[in-house]
1. Among the candidates Ala152, Ala140, Ala144, Ala148, which residue alone is touching a Ser or Thr at 6+ places or on another chain (Cβ under 7 Å), in contact (Cβ under 8 Å) with a residue 60 or more places away in the chain and within 30 Å of Thr16 (Cα to Cα)?
2. Look at Val130 and say whether it is of a type in the set (Val, Ile, Thr), under 30 Å from Val208 (Cα atoms) and surrounded by 15 or more Cβ atoms within 10 Å (Cβ to Cβ).
3. Here are some conditions: (1) part of a helix (DSSP H, G or I); (2) modelled with pLDDT of 90 or more; (3) crowded, with 16+ Cβ neighbours inside 10 Å. Ile155 meets all but one. Which one does it not meet?
4. Could you tell me which numbered condition Ser103 fails, if it satisfies all but one of (1) surrounded by 13 or more Cβ atoms within 10 Å (Cβ to Cβ); (2) in the same structural domain as Asn42 (by TED's automatic domain parsing)?
5. For the condition modelled with pLDDT of 95 or more and either outside any strand (DSSP E or B) or assigned by TED's automatic domain parsing to the domain that holds Ile170 (or both), what is the one hit in Gln37, Gln47, Gln22?
6. Could you list, ordered by first residue, the pairs with Cβ atoms under 7 Å in which the first is in region 81-93 and in the same structural domain as Ala51 (by TED's automatic domain parsing) and the second is surrounded by 10 or more Cβ atoms within 10 Å (Cβ to Cβ) and not in a strand (DSSP E or B), at least 6 apart or interchain?
7. Just one of (1) modelled with pLDDT of 80 or more; (2) more than 24 Å from the chain's Cα centre (by Cα); (3) surrounded by fewer than 17 Cβ atoms within 10 Å (Cβ to Cβ) trips up Val163, so point out which.
Amino acid sequence: MLNTKDFPQPPYNKMTLTGKGQVTALPDLAILRLGVQTTGDNLTDAQSENARISQNVINALKQLGITDLKTYQYTIEMLYDYQNGARIDKGYSVRNVFEIRTSNLGLVGTIIDTAVNYGANVVEFVNFEVSNPDLYYQEALNLAINDAYHKAKSISSNLRIMVNPIPTMITENSTPPTPFSSIFLAREGAFTTPIEPGNKQIEAAVTVEFTY
């Protein structure tokens, strides 16, 4: 006759801990949005002027070797004001914004300066990204799990309750990394606008349940 004591009994004690991991990633892709905004009393004139300047900007950027360029936003807005309760038309505003992508981060300042020199008067932002963020995130996720495990080992050692904690449930608390922006500083003179991409801190967090 079999005795249930002959079989290993399942653990009934649980320990729930959180773990965090962080990896520093260097951006390898820059996304710029810049363009041309013109105004005028006549819509056709404002559009024509915008088209002329925009084409000059495009041609200049292509001379730099930029090939990944597309229209991001094109808007026409009627301008008006109110005086003594009456609306007064102020003409039209035409806005044409381009999105530029480049892996040459050292060229970002030159792109901005070149576009401005050829008539661009809208610079929305410079966005630096990691082209393969999932790779760094997986590394951070593994570090987070190891962090929780080492916490469990430390606690078990201090309390002398177990030697090898066994994770029975792992919950991912973090979300995959998102692009990040960097503010650029322009300065006067015959210098290229300085752009500092900086680093991206990719973080992960988990909750791990251990039994002992």
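1. Just a single option satisfies the conditions, and that option is Ala148.
2. Spelling it out, Val130 is indeed of a type in the set (Val, Ile, Thr), under 30 Å from Val208 (Cα atoms) and surrounded by 15 or more Cβ atoms within 10 Å (Cβ to Cβ).
3. Single failed check for Ile155: (2).
4. (1)
5. Gln47
6. Matching pairs, first to second residue: Gly91/Asp41; Tyr92/Leu43; Tyr92/Ala46.
7. (1)
One line per residue, one yes/no per condition, for (1) out of contact with any strand residue (DSSP E or B) (no Cβ under 7 Å at 6 or more places or on another chain); (2) of a type in the set (S, T, N, Q):
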position: Glu49; (1), (2): no, no
position: Asn59; (1), (2): yes, yes
position: Met78; (1), (2): no, no
position: Gln83; (1), (2): yes, yes
position: Ala86; (1), (2): yes, no
position: Arg95; (1), (2): no, no
position: Phe98; (1), (2): no, no
position: Asn121; (1), (2): no, yes
position: Glu129; (1), (2): no, no
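The values are calculated or read from the model by the stated rules, or taken from the named source; none is laboratory data. Note that the structure is a prediction, hence the values are computed from the model and not measured. When we count neighbours, we look across all protein chains shown, and the Cβ atoms used for this are built from the backbone with ideal geometry, even at glycine.
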